[in-house]
1. Quick one: of A:Lys188/A:Lys212; A:Lys212/A:Lys361; A:Lys188/A:Lys361; A:Lys212/B:Lys258; B:Lys227/B:Lys477, which pairs are farther than 32 Å apart, Cα to Cα?
2. Given only helices, namely DSSP H runs of n ≥ 4 each adding -39500 (n - 2.57), what is the per-residue ellipticity at 222 nm of chain B, to the nearest 500 deg cm²/dmol?
3. To the nearest whole number, what is the average tally of beta carbon atoms from other chains within 10 Å of the beta carbons of peptide B:421-433?
4. Based on Cβ point charges of +1 for Lys and Arg and -1 for Asp and Glu, what charge dipole magnitude is obtained for chain A about its Cα centre, in debye rounded to the nearest 20?
5. Can you pull out the chymotrypsin sites (Phe, Trp or Tyr not before Pro) in region A:48-111 that DSSP calls coil and that have at most 10 other Cβ atoms within 10 Å?
6. In nm, to one decimal, how far is the A:Trp33 label point from the A:Leu530 one, both placed 7 Å along Cα→Cβ?
7. Going by C-beta contacts inside 10 Å, put A:Cys359, A:Cys168 in order with the fewest on the left.
8. Would you work out if region A:1-104 is rounded, prolate or oblate? Take a ≥ b ≥ c from the square roots of the eigenvalues of the alpha-carbon gyration tensor; rounded if a/c is under 1.5, else prolate when a/b is larger than b/c, oblate otherwise.
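Since every read-out is calculated from the coordinates, none of them should be taken as a lab result. What you are looking at is a predicted structure, and each value in this text was computed from that prediction instead of being measured. For neighbour counting, all protein chains shown are included, and Cβ atoms are generated from backbone atoms with ideal geometry for every residue, glycine included.
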Amino acid sequence: MLKLLWLIPALPMAGFLLLALLGDRFTRRHVAWVGVGSVGAAAMINGLVAVGFVRVLPDVTSYTQTLWTWVETSGMATGIAFHLDALSVVMTLVITGVGFLIHLYSTEYIIDTGKAGVSAPAGPEGDNDEGYRRFFAYMNLFVASMLTLVLADNLLLLYLGWEGVGICSYLLIGFWYREPENGAAAQKAFIVTRIGDTGFAIGLFALFASFKTLSIQQVQTLAAESWPVGSGIAIAVAALLLAGAVGKSAQLPLQVWLPDAMAGPTPVSALIHAATMVTAGVYLIARMHVLFSLAPPVHDAVAVIGVLTLLLAGCSALVQRDIKRVLAYSTISQIGYMFLALGVGAWSAALFHFVTHACFKALLFLAAGAVILSLHHEQNIFRMGGLRRHSPVTFWTFLIGASALAGMPLITAGFYSKDWILWEAWSAPLGGPWLWAGGALGALLTGLYSFRLVFRVFFGDVRTKPHGHPGPAMSIPLIVLALLSLGAGVLELPRTLGDSPLFSQFLSSALPQLEPTVDSLVPSEGVLQLAVTLLSLLGIGLAAAFFLPARGAVEHVANTAWGRALRMFWLEGWGFDRLYEVLAVRPWRRLTRDAEDAIDAWYDGLAESLRRFHVSLSRTQNGNLRWYAATVGLGALVLVGFFAF
Amino acid sequence: MILWSLIVIPLVAAPLAWWAESRSRHAPRWIAIGALALDLVFALLVWSQDRSLLASGDGRWLLESSAAWIPRWGITLHLGLDGLSLVLIVLTAFLGLMAVVSSWTEIQERVGFFHFNLLAVLGGVVGVFLALDLFVFFLFWELMLVPMYLLIALWGHENRRYSSFKFFLFTQAGSLFLLIAIVALAVLHRETAGRLSFDYADLLAMVIAPQTAGWLLLGFFLGFAVKLPAVPFHTWLPDAHTDAPTGGSVILAGLLLKTGAYGLLRFTIPLFPEAAADFAPVAMALGATGILYGAALAFAQTDFKRLVAYSSIAHLGFALLGIFAMTGLALQGAVMQLVAHGISTGALFMLAGALQERLHTRDMRRMGGLWAVVPRMAALTLFFAVASLGLPGLANFIGEFLVLFGSFEGHPVFTVLAATGMVAAAIYALALLQRSFFGRPADERRLPDLSRLAFASLLAMAVVQVWLGWYPSPVLKTTEPAVQLLLRERTQAAFIIPDSSVPAHSSRERQ
């Protein structure tokens, strides 16, 4: 069954090619069948492959399939080759599974978007078959690229997937292309991430220069053998890879593109900008964990970046007005948790949070999409309210998603994954109380902002009259994801609650596991759990206190001069956009303001001086006999003088 | 004979096409297509036959032909074909076909003479890629120039007089340095070996004093760098492209620029290996500068074709960087970049031409929102724009990345600078798309989408891009022996003894 591996990325790729090349003859129904079917088939094959993989475990821990040689010349040999191990099994299952549900949801969502036409007020581009086909073609291409990224056996192929998901993200953010803002957001996303990608690429050049191979396994084996821990080259390469990871995963300081990326259709935000693509950086660091272990300063930086990002983004999520921007900042913040876990060496915990986050964040985005559709594309939460009576499915699923995000204890998956990360953040050898405190404070913020959403949108007075209900294609994914957001926690139960580490056992063949610490300075697991739980519940309680009654003390505080300033600062994402505007965008615009080529001016000058010379020479030819005689005489004199002396 | 027929077919078809105009309007087009298709078939036949030879990697030339011409001056009709010239000749015939197709509706006046010039340029280009006698090489080099000048001057756009003249002056000035250096080499050969010789093999075997080699290298470099074009000799290019007819732009970008790179690879580095190594930092600096300078100016443009033209300068900067990095990977990357750039930029110029035919403007400020109006054109522009920003899976990526991989070890600073060009490339390529196809339409217009013929040919170019992006081995394997030989000679250069046993005057042919 493992031999079917190549089909997992190939099927969505085939779907893309079919839609792109022959799609203009398809009806919408055909397009939906191809678009959803290709990902669904990939998910099924993926299930088979995963079963096959589990069967051969623990004797065989990885499987490599080479399709053909790719770039093979002058000492470089890379193939189009896939590598399956526990890490890529987890990644592919989430990508195809959640991807399939989101594709299914989109079949209904994209039609409705077109009909409502509010997101696309200028015209029909979502409302025709061309738009429908274009959407599913891009989505299939995205899934194929993402699967290539996580299955790649070598770094060059990984980079192919890496750039592929980037271009799909660009295309889908700018899907409604008539609005220039959407185009700007799409370009921003691609260019900002490409800055990180360039660092990543330079890291690849350095790795290849050292080891003459790009195979992920070989590179890490060779690095572990030949680079001492903390050596300059290891630090440089790890830092360059980290640059790629922070770009793609929207972490400090390259997080600015993700909030704007919400310009894309909501299923895109769910799939690309929450569940899968933005976690590519997490995958990269986990995949290259040996290199990061060899570079302690960079490894520490991962944790620090994670904590800072999760706090900054958490604050920004608190004050956003757009429902999707709240979710975007919460995504940045949750990936911050994953970085925190990676930074303390808790690779499996990061991956577990990736899995649960993919479920509940996709759920939240899809439920938000249902809200947005029912409100004629209203996205401002201050014009929402009282929706819980209108659409129970949307309400309950959104509530479950928000609870999982907030880490509602015991009953949600988010609780287990976040709890694990925070425990490791203190108890792991690389962890410490400060990292834990940052994460715990983040838990408070998370409870606060996620239930601010719930209370603003679903409680209180009805401010915009809702219409319509999600059909089965939208409801089924919502319900399935809601069940997963509740139940996925059983995959890894902590020692204090059931002690069933299925997930980390499965991953142990691919990623090193942390030994339980015996440091007496670390409080017991139960104490830390209780503390985080109380903080999360406090956040939810505060949200209830602040936002359940429509106007409360919070408005008062927020409207003081300080409150207003802070709110604006957070709303704008801590001023990073402005900073980059001054540091990068404006200098670039100034540099490229003039379409004229400065070097050409030099040639023009040359031509002009030649012309002047010609004019002045031709003046001497004036037909005046006396002038000719005088110059001949003068010339003779000069010549005689020259030869005489 | 097959080598001569590669050159002669377009050159014979050229007057035929001119004459055929009197018969029917489309006759010259069909003659050109027939001739170029024949050339392509011949080149592909050579490629398919010589697989075994290619694999073995020994023997410099897959095909060679030599005949005495002007023995008094040591000039022989010496042609030779290796993997490098083979790949470039296949590209020439392919892009030549595309140039004919892209002129189908655009060129309506003096159709016969247009195709005469087109075929003459292509004959010259093939000759340049085959000539192994520097005198003959220079003849072909000049043969490309005049018809190209006429293509711009007669069928060009608004500023065609200025642009064509500028093109002529720049390349001719560069050629002057080249000619002086070539003649100096021949004279030098007389001083050391007693007779004039323009033959590649003779000159290759000659030992040149370092100082002299430095000056001669400079002459060769100037001649080829203007054609490439390398910054700061590039300013003829944007004007020439902007005002050239579509077919002319395709040939100019796809092929003429490649002759500059070919000259560096075939002559400049092998003839003066040590001087070239000393000069490499300067050339690589020019390459890296070109990448960034071209990208910045590309973004600044409002004219669709000018933007693409400046992007060419950036792309050829990668080629220059790779050529002078002088490692196997970098050289392979440079060759791949030549092919990839020929396809991607050629296609973008064809799309620019198609747009101009419909909108009567190249000004992107008057475009916008065209996606809904001409979806096929939009999708193809998107494809070739992302190819040109170096998206993996397409050919340009292979070229750029091999150059960067190959350059990093020896020259990390230049490589890092060049790599930042990837960001700049994303900026201008996406700006091109945004300004022309996305956003709000300037007005409610209905325009015809691409014709069947144009669509099919652009699709063929897209297929080549994908093929080379996912499976570049056929090209890489073909050029590998030539590249390895270049590297070997570079390292052995110091030990070569003048070898007079090379039979420069006998006629031989081997197949």
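1. Flagged as over cut-off: A:Lys188/A:Lys212; A:Lys212/A:Lys361.
2. -24000 deg cm²/dmol
3. On the way: counts 1, 7, 8, 5, 1, 13, 6, 1, 2, 10, 4, 0, 7.
Partner-chain Cβ atoms within 10 Å, mean over residues of B:421-433: 5.
4. For chain A, the charge dipole is close to 1460 debye.
5. none
6. 6.0
7. Lowest count first: A:Cys168, A:Cys359.
8. Judged from the Cα gyration tensor, region A:1-104 comes out oblate (a/c at least 1.5, b/c at or above a/b).
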